[in-house]
Amino acid sequence: MSVTVRVPAKVNVQLAVGQARADGYHDLANVFLAVSLYDEVTATPADGLRVTCEGADAGQVPLDGTNLAARAATALAERYGRDPAVHLHIAKDIPVAGGMAGGSADAAGALLACDALWGTGASRAELLELCAELGSDVPFGLVGGAALGTGRGERLVELAVGGEFHWVFAQAGRGLSTPAVYREFDRLAEGREIPEPAAAQPVLDALAKGDPDALAVALANDLQPAALSLCPELSDTLAAGRAAGALAALVSGSGPTTAFLAADARSAAEVAAVLRASGTCREARTASGPAPGATVL
Ligand code: C5P
């Protein structure tokens, strides 16, 4: 017997970052949108905890106890007195170290899959609490759709979305470490007054209306200057996507994946084709959002 869970990637349509806190994290106002790039996590009873991974980027995924999906299984087992004797297989389609919360998605997927396999009877609130302990972006992997994350991003309020948004995601030739991007944010912020992060009403209104033109002018990512500072070649990718007709271009989360909002599915396909041919990225994929959160298949 095994359980497979499908779990989406995310793009941040707004990422407002505050001053570094005493614990090293940053308070955020993080408007997440789940998009239709998915990983699938399959949990199968085994002699011990084991992780395998398939997909183009599989070689970059750690398969030991540091894997966030393995940590999710261990945390759930500890909380509910189970033996984490499970084989987790990750079919990976979300870019690795890309700023699309792929590792967090795998953790949310593993948690839901093991929960179903072991029949823990955990409530949704208990699962969300475990997700928050595993990482700031993990609760959103479970919830999906669109949500405002506050605190370090883990406290979620679900948001209404009035339509489908079409995107292109360009994968960079290398990954970026999230802590490194936050450190660069701190370095660039030195000596400057950083305002308290707050959700921008135009972003929430554009989502609620399902209006891509309104969302295009409201998109904002405070981590973008830090990601561009560490990965300057991303400005060429952003420029190529804008020139190809994207309504807006920005770095996805901590990067280095770049995100392009398109007017419709056809325009997204065109932007993706131009980006692929531009030589400024490794791959360009279309996806739409909102996408559902972690789902048992
Ligand atoms: O929560 P998570 O483990 O995903 O965070 C990874 C890293 O990103 C943290 O160790 C921290 O360096 C940075 N981070 C942050 N502020 C946040 C979320 C993450 O500084 N709100």
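The values are calculated or read from the model by the stated rules, or taken from the named source; none is laboratory data. Just so you know, these numbers come straight off a predicted model, no measurement behind them. Ideal geometry is used to build each Cβ from the backbone, glycine not excepted, and the neighbour counts take in all protein chains shown.
Yes or no: GLU154 of a type outside the set (S, T, N, Q), within 16 Å of the ligand (Cβ to nearest atom) and surrounded by fewer than 22 Cβ atoms within 10 Å (Cβ to Cβ)? So GLU154 does not fit the description; no.
The residue that is nearest to GLY293 (Cα to Cα), counting only those in the stretch 127-143 that are touching a Phe, Trp or Tyr at 6+ places or on another chain (Cβ under 9 Å) and more than 10 Å from the ligand (Cβ to nearest atom), is VAL143. The condition of being of a type in the set (D, E, K, R), more than 27 Å from ALA170 (Cα to Cα) and within 16 Å of the ligand (Cβ to nearest atom) holds for only one of ASP27, ASP106, ASP115, ASP64, that being ASP27.
For the stretch 162-171, does any single residue satisfy the condition of being under 29 Å from GLY279 (Cβ atoms), of a type in the set (Val, Ile, Thr) and within 15 Å of the ligand (Cβ to nearest atom)?
Just the residues of the stretch 162-171 that are under 29 Å from GLY279 (Cβ atoms), to begin with: 165-171.
Imposing the further condition that a residue be of a type in the set (Val, Ile, Thr) reduces the set to 168.
Applying the additional criterion that residues be within 15 Å of the ligand (Cβ to nearest atom) yields none.
No, every residue in the stretch 162-171 fails to be under 29 Å from GLY279 (Cβ atoms), of a type in the set (Val, Ile, Thr) and within 15 Å of the ligand (Cβ to nearest atom).
Is it true that some residue in the stretch 247-255 is over 20 Å from ASP93 (Cβ atoms), surrounded by fewer than 18 Cβ atoms within 10 Å (Cβ to Cβ) and either touching a residue at least 12 places away in the same chain (Cβ under 8 Å) or out of contact with any His (no Cβ under 8 Å at 6 or more places or on another chain) (or both)? Within the stretch 247-255, not a single residue is over 20 Å from ASP93 (Cβ atoms), surrounded by fewer than 18 Cβ atoms within 10 Å (Cβ to Cβ) and either touching a residue at least 12 places away in the same chain (Cβ under 8 Å) or out of contact with any His (no Cβ under 8 Å at 6 or more places or on another chain) (or both). Listed by first and then second residue, the pairs linking a residue in the stretch 140-166 that is within 20 Å of ARG6 (Cα to Cα) and free of Cβ contacts under 8 Å to residues at least 40 places away in the same chain to a residue that is away from the ligand (no atom under 16 Å from the Cβ) and outside any helix (DSSP H, G or I), with Cβ atoms under 8 Å apart and 6 or more places separating them unless they lie on different chains, are GLU158/GLY145; GLU158/ALA146. Cβ-Cβ distances below 8 Å connect the following pairs, each with a first residue in the stretch 107-126 that is closer than 25 Å to CYS53 by Cβ, a second residue that is acidic (Asp, Glu) and at pLDDT 95 or above, and a separation of six or more residues or different chains: GLY109/ASP39; GLY109/GLU40.
Residue-level check: of (1) part of a helix (DSSP H, G or I); (2) closer than 24 Å to ALA170 by Cβ, ILE90 misses just (1).
Yes/no matrix, rows are residues, columns are (1) modelled with pLDDT of 95 or more; (2) among the aromatic types (Phe, Trp, Tyr); (3) surrounded by 16 or more Cβ atoms within 10 Å (Cβ to Cβ):
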residue	(1), (2), (3)
PHE169	yes, yes, yes
GLY173	no, no, no
ALA199	yes, no, yes
LEU207	yes, no, yes
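State whether the residues of the stretch 28-36 include one that is more than 20 Å from ALA147 (Cα to Cα) and among the hydroxyl-bearing types (Ser, Thr, Tyr). Among the residues of the stretch 28-36, not one is more than 20 Å from ALA147 (Cα to Cα) and among the hydroxyl-bearing types (Ser, Thr, Tyr), which makes the answer no. When the residues of the stretch 175-191 are filtered to those that are in contact (Cβ under 8 Å) with a residue 40 or more places away in the chain and outside any helix (DSSP H, G or I), the one that is nearest to the ligand (Cβ to nearest atom) is SER177.
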